[in-house]
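The values are calculated or read from the model by the stated rules, or taken from the named source; none is laboratory data. Not measured: the values here are computed from a predicted model. Cβ placement follows ideal geometry from the backbone for every residue including glycine, while neighbour counts extend to all protein chains displayed.
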């Protein structure tokens, strides 16, 4: 009986030993599998990280290229806009200058009426000493003093204006007789024009040396001279 129990005991020990060896082998295998899995996962993770970095780099490069392209387009558009604005300003400046020149030509030709500050000169000639040349001298004196527009008895004076004396000695301007008092309206700087006609030895002193000739100068803030 003892031998039988002894054999059973040996058998149990062998079984236990086998189980321990089997468990140990299984643990080793599991450990190897875990290590291999971790290695594989690490490799895959590293590969994925590398690929992500490459992809990110490519995305950044693509975006940088797009940004540079957009910046280039923006610069081009700004340059074109500036060019168009300058062209428009130049064109507008040319148009404004042309309009201003046309306005001056119309004024010079007497095609339009004019309003503005200036002086009004009233010349009385009781004994009819004055002739067309005297009135021409007055107009020329005022013109030299900066007069922009001149009229005599509401007749616009232009480059084509004619001054003559008729057979009776009366002054005729552009075919129309004018008589004393001669009302001369002049648009320009009123202070300068009043000083010009009043200069010592000027036209006022020359004409008032005649008997019965009077010369009255009045500064005006708002004169109106009709077209020719």
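Can you name the condition, by its number, that residue 96 falls short on among (1) over 24 Å from residue 224 (Cβ atoms); (2) modelled with pLDDT of 95 or more; (3) surrounded by fewer than 18 Cβ atoms within 10 Å (Cβ to Cβ)?
If we test residue 96 against (1) over 24 Å from residue 224 (Cβ atoms); (2) modelled with pLDDT of 95 or more; (3) surrounded by fewer than 18 Cβ atoms within 10 Å (Cβ to Cβ), just (2) comes out false.
Condition check ((1) in contact with a strand residue (DSSP E or B) (Cβ under 8 Å, 6 or more places away or on another chain); (2) modelled with pLDDT of 90 or more) across all residues:
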{"site": "64", "(1), (2)": "no, no"}
{"site": "123", "(1), (2)": "yes, yes"}
{"site": "126", "(1), (2)": "yes, yes"}
{"site": "137", "(1), (2)": "no, yes"}
{"site": "150", "(1), (2)": "yes, yes"}
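When you scan region 169-181, do you find a residue that is crowded, with 19+ Cβ neighbours inside 10 Å, in contact with a helix residue (DSSP H, G or I) (Cβ under 8 Å, 6 or more places away or on another chain) and farther than 17 Å from residue 228 by Cα, even just one?
Checked against the condition, which is being crowded, with 19+ Cβ neighbours inside 10 Å, in contact with a helix residue (DSSP H, G or I) (Cβ under 8 Å, 6 or more places away or on another chain) and farther than 17 Å from residue 228 by Cα, region 169-181 yields at least one hit.
Please verify whether region 133-140 includes one or more residues that are closer than 28 Å to residue 212 by Cβ, over 27 Å from the mean Cα position of the chain (by Cα), assigned by TED's automatic domain parsing to the domain that holds residue 196 and assigned to a strand (DSSP E or B).
Pass one, region 133-140, residues closer than 28 Å to residue 212 by Cβ: 133-140.
Checking the rest, the ones that are also over 27 Å from the mean Cα position of the chain (by Cα) come to 133-140.
Still in the running and assigned by TED's automatic domain parsing to the domain that holds residue 196: 133-140.
From the residues that got through so far, the ones that are assigned to a strand (DSSP E or B) too are none.
Among the residues of region 133-140, not one is closer than 28 Å to residue 212 by Cβ, over 27 Å from the mean Cα position of the chain (by Cα), assigned by TED's automatic domain parsing to the domain that holds residue 196 and assigned to a strand (DSSP E or B), which makes the answer no.
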